[in-house]
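Read-outs throughout are calculated quantities, based only on the coordinates presented, and are distinct from any laboratory measurement. For clarity, every value in this text was computed on a predicted model and none was experimentally measured. Here the Cβ positions follow ideal geometry from the backbone for every residue, glycine too, while neighbour counts run over all protein chains shown.
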Amino acid sequence: MGNTGYKYFITLEKYYTDNNTPTGETKPNAVSDPDYIAPFQDIINCPPTSRYYNTQQTKTVKRNNCGTGYLGSNVTLTAFPNQFVSNESVNDANNQAIAWLDSNAQIYANSSGTCTINSNPQNAPII
């Protein structure tokens, strides 16, 4: 994962309040602790890497699990903008979206598409 531009503390060190010298005691920086210090953005000393997001991609496939004498409908699955991220390029993020569509479009079509009676049996799909 690329640099986010945020710094955080894993441990905290205890200091004396009268002269700001360390006591030598440390403890974890736990969210449940009242002394917790949340991550903070420091883009000067911790510059974030570039992030690229996909543009909208779609894939349309025909439902292919209908019974004999039925035809499946066309179904479109969409990978919405900014659903996939890359540190390399928009093209890489788009390729991630396309790979996801290739893996999931037929499953989606078979579960959400409809089957209708084939009124013209001469146009039956060849299996």
Just to verify a result, which residue in the range 79-113, among those that are farther than 30 Å from Cys66 by Cβ and of a type in the set (Val, Ile, Thr), is farthest from the chain's Cα centre (by Cα)? Val90
In the range 2-17, the residues that are touching a residue at least 12 places away in the same chain (Cβ under 8 Å) and part of a loop (DSSP other than H, G, I, E, B): Gly2, Asn3, Thr4, Gly5, Tyr8, Phe9, Ile10
Of all residues in the range 83-122, which are of a type outside the set (Phe, Trp, Tyr), under 27 Å from Ser50 (Cα atoms) and without any contact (Cβ under 8 Å) to a residue 40 or more places away in the chain? Gln83, Val85, Ser86, Glu88, Ser89, Val90, Asn91, Asn95, Ala99
Residues in the range 39-68 that are touching a residue at least 40 places away in the same chain (Cβ under 8 Å) and aromatic (Phe, Trp, Tyr) total 2
Residue that is nearest to Glu88 (Cα to Cα) [pool: residues in the range 1-34 that are of a type in the set (D, E, K, R) and surrounded by 11 or more Cβ atoms within 10 Å (Cβ to Cβ)]: Lys7
From the set of residues in the range 45-54 that are part of a loop (DSSP other than H, G, I, E, B) and under 16 Å from the mean Cα position of the chain (by Cα), which is farthest from Tyr6 (Cα to Cα)? Asn54
Go through the range 1-55 and give me each residue that's touching a Ser or Thr at 6+ places or on another chain (Cβ under 8 Å) and acidic (Asp, Glu). Glu13
Could you please find all residues in the range 18-38 being hydrophobic (A, V, I, L, M, F, W, C) and free of Cβ contacts under 8 Å to residues at least 24 places away in the same chain? Ala30, Val31
